[in-house]
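Asker: A single structure is presented below for examination.
None of the figures in this text is laboratory data; all of them are computed from the coordinates on show. No experiment lies behind these values; they were computed from the predicted model shown. All Cβ positions, glycine included, derive from the backbone under ideal geometry; neighbour counts span all protein chains shown.
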Amino acid sequence: MTAIRQEWLAATEFIDHQHPAVREFIAARVGAGDTAKEMALTLYYAVRDDIRYDPYASSMQREAMRASTTVEKGASYCVPKALLYCACLRALGIPARPGFADVRNHLSTEKLTRLMGTDVFAWHGYVSLLLDGKWVKATPAFNFSMCHRFGVLPLDFDGEHDALMHPYNSANQRHMEYVKQRGEFDDLPYEELRADMFRLYPKLVAISEGQAGDFDHESVLRPA
């Protein structure tokens, strides 16, 4: 049986599950009689679909990374969305850790590809959680409406199997490819993430700080 470490349940600077905004987000979606698994699944879909995915919301300000900020804004990219899901789980006594990997994204938009200068997304965020004595991974990044527009299969989670990004989209085109695992942590390794984002994607970070971009209405760039 896995010994539960307090660090997997703790509130931190970025996984700030004691914040009223996070508590209200949880309370509006789960009931007192729900099991741990039921709550974990409900909140997975709440973070996935109620918080809109927006890669232009990738501000590197410390406050922008906090789970409470993500709730208040209602939109963010994969890392803060993962931190929010982690906060929701910990608030309910479900051990959880944010995890990170570098992925190659084969489906993007012309503007996003130009700003990034690559199809490799470093520090893609997911969550590792302990349910029924077993660690499973969940990725609440891409909301349902965005998946529909891109022709990507929505990533479902059953609490028993890993929910990692699909390698192919609904048209059998390459979608996501995991190229490097960075590990799982008790809190966001903020300084390392920030340094890599400024080094690898300076144009994307600049536009994110300016709150510019309209990812929902950009044309999808598909492979030939």
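Asker: Fully extended, how many nm does the chain gain between Phe185 and Arg23 (0.36 nm per residue separation, minus their Cα-Cα distance)?
Answerer: 56.1 nm
Asker: Enumerate the lysines that Lys81 could reach by cross-link, defined here as Cα to Cα under 21 Å, with residues fewer than 8 away along the same chain left out.
Answerer: Lys37, Lys73, Lys137, Lys180
Asker: Hey, fewest Cβ within 10 Å first, where do Asp54, Asp34 land in order?
Answerer: Listing Asp54, Asp34 from fewest to most nearby Cβ atoms yields Asp34, Asp54.
Asker: As I understand it, the value is the acute angle between the Cα axis of helix 190-200 and the longest principal axis of the Cα atoms of the chain; what does it come to in degrees, rounded to 10?
Answerer: 10 degrees
Asker: Let me ask you something else. Put +1 on the Cβ of every Lys and Arg and -1 on every Asp and Glu Cβ in segment 6-208; which of Thr118, Met60, His148 then has its Cα farthest towards the positive end of the dipole?
Answerer: About the Cα centre, the residue reaching furthest to the positive side is Thr118.
Asker: Counting other C-beta atoms within 10 Å, which of Ser58, Ser76 has the fewest, and how do the rest follow?
Answerer: Going from least to most buried by this count: Ser58, Ser76.
Asker: Roughly speaking, what is the stretch gain from Arg199 to Leu153, that is 0.36 nm per residue apart minus the C-alpha to C-alpha distance, in nm to one decimal?
Answerer: Going from the current span to full extension adds 13.4 nm.
Asker: Count the DSSP beta bridges whose two residues both fall in the chain, then state the antiparallel fraction as a percent rounded to the nearest 5.
Answerer: The antiparallel proportion sits near 90 percent.
Asker: Treat every Asp and Glu Cβ in segment 6-208 as -1 and every Lys and Arg Cβ as +1, leave all other atoms uncharged, and give the resulting dipole magnitude about the Cα centre to the nearest 20 debye.
Answerer: Here segment 6-208 has a charge dipole of around 600 debye.
Asker: Right, another one. Give the peptides 138-146, 115-123 in descending order of average Cβ contacts within 10 Å, highest first.
Answerer: Result, highest mean first: 138-146, 115-123.
Asker: Another question, if that's okay. Taking neighbour counts of Cβ atoms within 10 Å as a proxy for exposure, in what order, fewest first, do Thr69, Thr2 appear?
Answerer: Thr2, Thr69
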